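These notes are about the structure you will find just below.
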Amino acid sequence: MSIMAPLDWVVILGYFALLAAVVVLTRRKQDTAEDYFLGGRSVGWLAIGASIFAANIGSEHVIGLAGQGARTGLSMSHWEFHAWVLVLMAWVFLPFYYKSGVQTMPEFLERRFGARARWILSLVSLAAYVLTKISVTVFAGALFFEVMLPELSITVGGTVISSFWIGAFTTVTLAGVYASFGGLLAVVYTDLVQTGIILAGSLSVTFFALAKLGATLPDGGAAQGWGVLKATLKQTPEVVDAFSLWHPLSHPTLPWLGVVVASITIGVWYWCTDQFIIQRTLSARNLTHARRGALWGGFLKLTPVFIFLVPGMLGYALHRHGIIAIPLDKVGSIDSDKVFPTLVTSLLPTGFRGLVVAGLVAALMSSLASLFNSVATLFTVDVYKKLHAGVSEKWLVHIGRLTTIVMTALGLIWVPIMKAVSGGGLYQYIQAVQSFLAPPIVAVFLLGLCWKRCNLRGAVWGLSAGFVIGMAKLTVNALFRTGGDPASLLTRIATFQDFYFSGILLAVSLGIVILASWTAPAPDPATINGLSFSTLDAEYRRENRASWNRVDVVASCVVVGLVLAAYAYFWTWLR
């Protein structure tokens, strides 16, 4: 029996109609690469911040974070509470990027160090986008369709094509079409709409779950649901420990020191140096809008804890009270991938289910469209243009569109591979990959901005050695983490805690960059003027100072204050 009523389908179709209207209305003449890849640098702060949020929130976050909330409570919230990193990006990193006039992060590395650093970051970023971000986003979205819309199936020549494949094909194709058709401008403004849909749909799940839990008390409602949640989680010391914000240093998967170091490192890499995010701020009409867009994105970044993780914890409590029945996995634990869909199908009235489905489709499509646009930018600007100097701007736009189409096809081809190799641990998988990928990039960018003695040799050695070490750890994990001889060196390396390893890799990468830089001459100050703190001239400082006022300072304090308040509340919330 279908779980979707006609009104739900009306809401979903209305979402697609609104999306199409936004794409058509925001389409503009795109004769240059800057028009296509950066929206002609004409975007305002409200759309930039919403696009940063929508690009970050994919379907794997919706399903994965809710599942983590039901299993480990607030343990994964550190990655979301690091919204302060966007404040760091707005004030420390962004002025360098925006003032340099670059279109990509590899291009900035070339300005600061040289061409070899640009090539390394370009190729690694392209491979990482295809193998992790695109593949995981597509697979998680297809899994959502399989769970939520099982009735979407067709029979072709006696073969049943399930909703998994229909959902994957439809969303990837539509995201690819509007990313190719409208460029970054279409992506950014559809993200503005989709942010509202994501927030409205997910908040409705939180509200109805709180109301249902609060109804277990006489005359109770949503206001009393939070107290019932805390009382449910505090029934046994084991549950209190599992759902707490902090875990001891000996914890096998989430030791507090490893979590803090790894989450901050990943946060600085993702929010401050990754093309996927930075490209949105570079589309701003000026530095003021770029900075305020980043700060608005930082404010929105605090919401996933309350619209994804908290519903997961509410789902656990509702399951314990027998109000809903979350399917169990093979070992008898709650199937984390089924938590959010079960909440939607069990609690939401007609119409709201359609809103949540539209929100999840919005999360999937916004992430995919942003990924396609970022990959197209990286390939066109940092690979094709470097190999074919002198090509026209209009031809670069054509190459960008072609790259988007190719990425769409690769995303579809990769779905069956991910379906075969995944074991329900996609969210943990992507966090592990990022914890091994981020440290060398963070080391090079930080030292490049803060230490003018840092040079090309240091950047190349730091990036290359860091990537090799990180990918070696990932390979050893895959081959020797299970079933190997516990006494062997490779097994011990494979079972070494991943987040601790991420911190060690950061320290090693910093050391390699520093030592390698000292073995070569310092860069000519004239070549790095305005590309590190100690080479900023008076005019640069005046322009930067003119780009902000009291509004930006207050907004930054609000974001940081909300992060501190969240940590203060949840530090001992179950004690």
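Can you list residue pairs whose Cβ atoms sit under 8 Å apart, with the first residue in region 228-241 being within 14 Å of R575 (Cβ to Cβ) and the second being exposed (fewer than 14 other Cβ atoms within 10 Å of the Cβ)? Count only pairs 6 or more apart in sequence or on different chains.
Qualifying pairs under 8 Å: V240/R575.
Would you call F113 buried (at least 24 other Cβ atoms within 10 Å of the Cβ) and touching a Phe, Trp or Tyr at 6+ places or on another chain (Cβ under 9 Å)? Give the steps one after another, and end with the answer.
Working: buried (at least 24 other Cβ atoms within 10 Å of the Cβ): yes; touching a Phe, Trp or Tyr at 6+ places or on another chain (Cβ under 9 Å): no.
No, not satisfied.
Evaluate the following for R285: is it over 20 Å from W79 (Cβ atoms), modelled with pLDDT of 90 or more and of a type in the set (D, E, K, R)? Even if it seems obvious, please write down each step before you answer.
On the way: over 20 Å from W79 (Cβ atoms): yes; modelled with pLDDT of 90 or more: no; of a type in the set (D, E, K, R): yes.
Answer is no for this residue.
Which of the following residues is crowded, with 22+ Cβ neighbours inside 10 Å and at pLDDT below 85: I52, I48, I57?
Values: I52 fails: at pLDDT below 85; I48 fails: at pLDDT below 85.
Only one candidate passes the filter, namely I57.
For region 310-357, give me each residue that is farther than 15 Å from M4 by Cβ and of a type in the set (F, W, Y).
Result: Y316, F340.
Report whether or not K338 is touching a helix residue (DSSP H, G or I) at 6+ places or on another chain (Cβ under 9 Å) and basic (K, R).
On the way: touching a helix residue (DSSP H, G or I) at 6+ places or on another chain (Cβ under 9 Å): yes; basic (K, R): yes.
When the stated conditions are applied, K338 passes them.
Which one of the conditions (1) closer than 30 Å to V228 by Cβ; (2) at pLDDT below 85 does A317 fail to meet, given that it meets all the rest?
(2)
Test each condition in (1) crowded, with 18+ Cβ neighbours inside 10 Å; (2) of a type outside the set (D, E, K, R); (3) free of Cβ contacts under 8 Å to residues at least 24 places away in the same chain for G561 and report the one that comes out false.
Condition not satisfied by G561: (1).
Among the residues of region 330-338, is any assigned by TED's automatic domain parsing to the domain that holds L210, modelled with pLDDT under 80 and on the phi > 0 side of the Ramachandran plot?
yes
From the list F467, F501, F445, F436, which one is touching a residue at least 40 places away in the same chain (Cβ under 8 Å), under 22 Å from I120 (Cα atoms) and in contact with a Lys or Arg (Cβ under 7 Å, 6 or more places away or on another chain)? Before the answer, list the steps.
Working: F467 fails: in contact with a Lys or Arg (Cβ under 7 Å, 6 or more places away or on another chain); F501 fails: under 22 Å from I120 (Cα atoms); F445 fails: in contact with a Lys or Arg (Cβ under 7 Å, 6 or more places away or on another chain).
Matching residue, one of F467, F501, F445, F436: F436.
Going through S336, S283, S367, S346 one at a time, which residue ends up being among the hydroxyl-bearing types (S, T, Y) and farther than 30 Å from A17 by Cα?
Working: S283 fails: farther than 30 Å from A17 by Cα; S367 fails: farther than 30 Å from A17 by Cα; S346 fails: farther than 30 Å from A17 by Cα.
Unique residue meeting the criteria: S336.
Given region 427-530, what helices (runs of 4 or more DSSP H) lie entirely inside it while holding 3 or more residues that are modelled with pLDDT of 90 or more? First the steps, then the outcome.
Numbers: elements: 456-480, 489-495, 498-518.
Once the helices (runs of 4 or more DSSP H) in region 427-530 are filtered for at least 3 residues that are modelled with pLDDT of 90 or more, what remains is 456-480, 498-518.
Can you give me the number of residues within region 260-293 that are farther than 9 Å from G44 by Cα and touching a Ser or Thr at 6+ places or on another chain (Cβ under 7 Å)?
Final tally of qualifying residues: 11.
Quick one: which of A376, A294, A363 is at pLDDT 90 or above, of a type in the set (A, V, I, L, M, F, W, C), within 29 Å of L86 (Cβ to Cβ) and assigned to a helix (DSSP H, G or I)? Break it down into steps so the answer makes sense when it comes.
Details: A376 fails: at pLDDT 90 or above; A363 fails: at pLDDT 90 or above.
Of the residues listed, the single one that is at pLDDT 90 or above, of a type in the set (A, V, I, L, M, F, W, C), within 29 Å of L86 (Cβ to Cβ) and assigned to a helix (DSSP H, G or I) is A294.
Six or more apart or on different chains, Cβ atoms under 6 Å: show the pairs whose first residue is in region 315-336 and more than 13 Å from R71 (Cα to Cα) and whose second is among the small types (G, A, S) and surrounded by 13 or more Cβ atoms within 10 Å (Cβ to Cβ).
What qualifies is I324/S346.
State yes or no: is K394 of a type in the set (D, E, K, R) and assigned to a helix (DSSP H, G or I)? Walk me through it before giving the result.
Working: of a type in the set (D, E, K, R): yes; assigned to a helix (DSSP H, G or I): yes.
Answer is yes for this residue.
From the set of residues in region 306-327 that are more than 28 Å from the chain's Cα centre (by Cα) and part of a helix (DSSP H, G or I), which is surrounded by the fewest Cβ atoms within 10 Å (Cβ to Cβ)? Step through it out loud before you land on a result.
Keep residues of region 306-327 that are more than 28 Å from the chain's Cα centre (by Cα), which gives 318-325.
Filter once more, so that each one left must be part of a helix (DSSP H, G or I): 318-320.
Values: L318: 28, H319: 20, R320: 13.
The qualifying residue surrounded by the fewest Cβ atoms within 10 Å (Cβ to Cβ) is R320.
Give V357, V383 a once-over and let me know the one that is buried (at least 24 other Cβ atoms within 10 Å of the Cβ) and either outside the structural domain of G315 (by TED's automatic domain parsing) or of a type in the set (V, I, T) (or both). Steps first, please.
Numbers: V383 fails: buried (at least 24 other Cβ atoms within 10 Å of the Cβ).
The match here is V357.
The values are calculated or read from the model by the stated rules, or taken from the named source; none is laboratory data. All values derive from a computational prediction rather than experimental measurement. Don't worry about glycine lacking a Cβ; one is built from the backbone with ideal geometry, like all the others, and counts go over all protein chains shown.
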